[in-house]
Structure formats: C-alpha cells, structure tokens
1. Hey, in the GNM for chain B with a 10 angstrom Cα cutoff, which one of B:Ala30, B:Ala86, B:Ala69 fluctuates hardest?
2. Compute the distance in nm between two label points, each set 7 Å from the Cα along the Cα-to-Cβ direction, one at A:Val278 and one at B:Leu111.
3. Could you pull out every one of the aspartates and glutamates with an alpha carbon less than 17 Å from that of A:Lys183, ignoring same-chain neighbours closer than 8 positions?
4. Working out 0.36 nm times the residue gap between B:Asn37 and B:Glu52, then minus their Cα-Cα distance, what length gain in nm do you get to one decimal?
5. Along the Cα→Cβ direction, 7 angstrom out, place labels at B:Ser26 and A:Tyr383. What is the inter-label distance in nm?
6. How far is helix A:236-249 tilted off the main Cα axis of chain A, in degrees rounded to 10, range 0 to 90?
7. Take the Cα gyration tensor of the range A:23-71, multiply each eigenvalue by 5, square-root it, and list the three semi-axes largest first, rounded to whole angstrom.
8. Can you check how the C-alpha radius of gyration of the range A:156-198 compares to 2.2 N^0.38 Å, as a plain ratio?
Amino acid sequence: MNALIVIACLGIAAMMSEVLGFKKLLLPLVAIGLISVVGLFVMDWNTSIRYYHDMLYFDNYAIAFSAMVTVLTALWLIMSKEYFISTTSKAEHAALILFCLTGAIVMISYSDLSMLFIGIEILSISLYVLAASNKHDLRSNEAGLKYFLMGAFATGFLLFGITLIYGASGSFNLQEIANYLSKNSEHLPMFVYAGVLLMLVGLLFKVSAAPFHFWAPDVYEGSPTLVTAFMSTIVKTAAFAAFYRLFATCFSDLSGWWGETLAIVAALTMLVGNVLAVMQQNFKRMLAYSSIAHAGYMLMAIVAMNHISAGAIFLYTSAYSIASLGAFACLHALGANDNEKIINLRGFIAKQPFNAGLLCLAMLSLAGIPPLAGFFAKYYLFYGVIQSGYLWLVLVAVLSSLIGVYYYFRVIYTMFLPREEEDGVLPKISGGHKILLTIVAILSLLMGIFPGILQGIL
Amino acid sequence: MILLSAPVDYLPIAMMFVVAMGFVLSTMVATHLLGPNRKSKVKLETFECGIEPQGNSRMPFSIKYFLIAILFVLFDVEVIFMYPWAVNFRSMGVTGLLEMFLFMGILVLGLIYIIRKGALKWE
C-alpha cells in the first residue's frame, strides 16, 4: 500500500520536475523510488492487509504481481534513459509512465469492482497519451486515436457488465459477489450471466484476445517503440493479473458456464496470433502478433483455474515480459531510422556476435525452447490445463507453439545472413540497451534453470 | 442490501414518461396547427444575435480557446466534490478536513503545473 502511494507521488514529482527545475535529478529519483518500492512490497509479503473499507487487498498474489510490474518498469527504464535525460523529451513521458504503473498496481490489487474500473482507466488514459506521444508521426497519432476509441468501447462493455453484476448481488465487493453467486447458484437471474459475459468481453478487448484483437497490431506498430515495449509487457502483465483475480475469486462458481467459451477464445487467439505473425515482414508488427499469441497461452491459465494456475500465470507473464523486453531493446537500438523490417537484422551475428547471441536467447525463450524460461512457463501452464481436463486445448497450444517456433527462428536465421549493400550500416547496440539485453538473457536462463522459485511462491 | 419493490411501484415513472412524451408531442402538434405558416429567407438563416452572419463557421481558430475551456471544465468539475464534503463537514471531523486539504493540494499542484507550463499565457 505504501508502495502505491510512493509511486503516485513519484509520478507527481516527475510531472513537476520540469516546471520546478529539477529535471536533472529525475532519473536517479525515479530509479531510487522504484527500487525502494520493490523493497516495500517485499516487506508487505505475507501480511494480506485490506485497505480503505476493503477496496484494495494486498495478498501475496497482488504483492507478487505488483513487485513484478515494478521490476519490469525498472528494467524498461534502463533502455529508456532518453525519456529522462535528453533535452528534447518532456518530463510528462516519465510522469505518464509512473501513472501507468500506479494504475497497473491498483488493477492488480483491487478487491472491489469500482477499483478495477479506476485502475484500468488510470492505466489506459495515460497509455492513450503515450501511444500518440510522437506528435509529428502520423502513425503514432493513428495509434493513439485507435487505442482510445477501442479502449473506450471496451470500457463500456466492462461497465455494463459491472452494472448487471451489481444489480443482481447488490455489491461491488469481490468476496460478497462470490458469496451471492454460490448461495443462489440454483436460481440466478439471467442478467448475471449477461453481466459475466459483458465483463469477459471488456477484459478480452483489453488483453487483445482473438475476436477482439484487431486494434492491437496497428496500435503496437504505430506507437513509439519504447511505449510498445511498455504496453506489451507491463500492461499485459497487469491486465492478466486483474483478469485472473476477477475470475478466480469472483466467478469461479460459474466456471462450468464460461469455461468452454474462454477455452475456445484461447485456442482462437493462439492460432490467429501465431499464423498471422508468420506473414509479417516488420519486426515490430511481428512482435505485436506474437504478443496476441502469448495472450492466448495466458488465457489458458484462466481456463484451467486450479491450484497451480496462479503460479503458472505468474511464471508465464514474467518469462514472456522479460524476453519481450529484450526483443524490444534490440528493435529500439537497431531501428533508429524507422527501419523496423526483419531483414534489417542481416549480418547482425557477424558484426556484433555478443549482442546477437543475447537476442537469440530472448527469441528462444519466447519460442519456448528448453533451457530457457519460456519452456518451463509453457510446461507449467500446459500441465495445469491437462489437470483440468482440457486436453484438446493443450493440443491446439502445442500446435500453435510449433508455428511460433518458425517465425522466432526466422529472426535468428536472418541474423546469420550476409549483410547486403542496400541495408546500410547496422547501428551499434551499446549503453542501456546492451545492459538490458544482458540482464534479460541472464534472467531468462536463471528462470529456466530454477523455474520453481517464481512458480512456487504463489 | 435488499430491495423490496413490486412492478407496480414503477407506475409513477411510467406516468412520468407518458406525461413527458405527451407534452412534447402535444406542443409540437399545437404550434404546428395554431401558428401562421410564413417562410422567408431571413428566417432560415443562422441565428447570430441579430447580426448578419458572415463567412464559413468551419475555419481554424486558435487552440488557446480550446485549452482554456478544457482547463476551466477540469477545475470546475473538481469544485463539485467540495459540496458533499461541505455538507458532511461536521460528521467527518478533522480527518475529512485533512483529506480535503490533500485533495486541494494535488489540485493546486496541477494549477501550478499549468501556469508554469504557460498554458494560460494568451500571447
């Protein structure tokens, strides 16, 4: 809880830093702030306190995910120094990122549907601005507008759902709604089911699952690369934490009713994401489709909903986010002149073998190749789903993972090709991007060798 | 929270609907039938407070108008939160006072921010 206040205050400090003239202190301030926030979360471990009349509930699940998004933001910061020190950038970017993080933590730790809504809005509104933050780029403007329209539309569904659930149960509180649903499970009014379905649609929009994924590639491609990296890692982690929390505490009694629907959505998401990613020539757009496909795998944990699925989704979101950050760091460092094509990677391994090796590790982790984190994340996830009896879903997931391997390996294959004359000079990866890539590779290896550490804490 | 209400309790709302719709319909029909029907070019022109309208209304104008208006709305809406607070001031005690100070403090920070950013500078 204190951590949440610290992050909100950091956001305000970042906003004021430019007008009050301490912009130079901003980066160290934010870095120290985020590290101390992680410390505060660690201190809260095993306390499980409810705050503000049970609006926020910091149990171990919320603390683990909040600490994870904070660590991810800190990692993201390493490659985003330009947001803080360059003279052209505005302090508002930093402030908006910190407000995003505030929203993410609110939507992870909510215990009340109104807090879920407020958290999603704090997160989304900052993101709409960030998506359009490259003012002079038409694609960035398009991304901002598209994201705003689609996000507002999805929020409408979510609110309709919340209203119907409130109408039936008379409460916004997750626990009270769960009690109501289990007590009256024999004769629930029809509009409870409609409410669950509407909330499901709203959340599927937000996590860009298959029938509602059309906004994601355009928004991810148009936004500035750093913002895309933030969206597809930290925001996705927070959205899935909220999604899982809602369905695990609130609607688990109705799982016989929504389980099949969600299983089909998950299967569709994996297939659509992976198949469309194969055809992409643009690295950024390929990562966007890959992020859709990974959303499908994460949805499987919500379908499974058993004693290991909380740990499995935690491991999966961390493994996926960390590997993605590595891929985006490379994309950002190499695509300096809007050159986001995959073939721009030609000759990477000959020119910068160390960096290329690190990118290889990140790609292998995303594909789910054994010694790396991605493999064990998938393993635990699939295991949980089989335990819950959805064998066909696991078969679809394995099949689509195989498709995924193809396009992740295409990136690695392109790195080995000789560099052509028309490709121009490959920028050198150095500084923050290199540090981040190294950290990403080490973490992916460590999480692959000791996956039980993250999986076991929940 | 238990709501004991029968469908018959909603009868006043239904009557309200009927009255509202009936008033709109009857006045429209009545004015149509009673009033003299004289059409002229002047009557069809855009109403500009008696001044003759000129030019196209679809023209670019300074973003400052928009900025000032949106900032006004922002701070105007925030003040609404003070009314329920003022009504419940006694029962909320010192805690309520401190909470409102915190809220107003954040609001003032926002005001300082927009002033220092030059959002209110007209020239």
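None of the figures in this text is laboratory data; all of them are computed from the coordinates on show. Just so we're clear, the structure is a prediction, and the values are computed from it rather than from any experiment. Neighbour counts run over all protein chains shown; Cβ positions are idealised from the backbone, glycine included.
1. Per the Cα network of chain B with a 10 Å cutoff, B:Ala30 tops the list.
2. Roughly 6.2 nm, to one decimal.
3. A:Lys183 reaches A:Asp253.
4. Here the segment from B:Asn37 to B:Glu52 would lengthen by 3.1 nm.
5. In this crude spin-label approximation the distance works out to 7.6 nm.
6. So the inclination is approximately 20 degrees.
7. Over the Cα atoms of the range A:23-71, the ellipsoid semi-axes are 25, 12, 8 Å.
8. 1.04
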